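Structure first, then comments.
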Amino acid sequence: MKKFLYLSLVCAVIAGLGIFFQVPKYPTPIIPFIVAVIGLLLAIATIKDKDISLGLKMGGILVNLMPSLAGLSLVMTN
């Protein structure tokens, strides 16, 4: 289950760079939003695992929640 947290972190970095810094120029803000939602789902999938600490689980969720909320606001305004 730790691999889900690693993938979640990668999704958060890709989505955060795309939404906040526009480093890879995506044609629409929906693409990084979808990546952030995928990362959020991967982080939520680790909640049942007892071997991973609660702080890591919540950190994985929160680090993907910010780009997904920012992407949602960009999608709603465009």
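The values are calculated or read from the model by the stated rules, or taken from the named source; none is laboratory data. Please read these numbers as outputs of a predicted model, since none were measured by experiment. Ideal geometry is used to build each Cβ from the backbone, glycine not excepted, and the neighbour counts take in all protein chains shown.
Key figures
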| quantity | calculated |
| --- | --- |
| Search result, residues across region 45-57 that are hydrophobic (A, V, I, L, M, F, W, C), over 16 Å from Val10 (Cβ atoms) and surrounded by 15 or more Cβ atoms within 10 Å (Cβ to Cβ) | Ile52 |
| Matching entry among Leu9, Leu42, Leu5, Leu17 (being under 22 Å from Asn78 (Cβ atoms) and in a helix (DSSP H, G or I)) | Leu17 |
| Count of residues meeting criterion [touching a residue at least 24 places away in the same chain (Cβ under 8 Å) and on the phi > 0 side of the Ramachandran plot] in region 2-49 | 0 |
| Filter result for Val63 (β-branched (Val, Ile, Thr), at pLDDT 95 or above and out of contact with any Phe, Trp or Tyr (no Cβ under 6 Å at 6 or more places or on another chain)) | yes |
| Residue in region 58-78 that is surrounded by the most Cβ atoms within 10 Å (Cβ to Cβ), counting only those that are under 16 Å from Ile30 (Cβ atoms) and of a type outside the set (S, T, N, Q) | Pro67 |
| Set Phe20, Phe33: member being aromatic (Phe, Trp, Tyr) and surrounded by 20 or more Cβ atoms within 10 Å (Cβ to Cβ) | Phe33 |
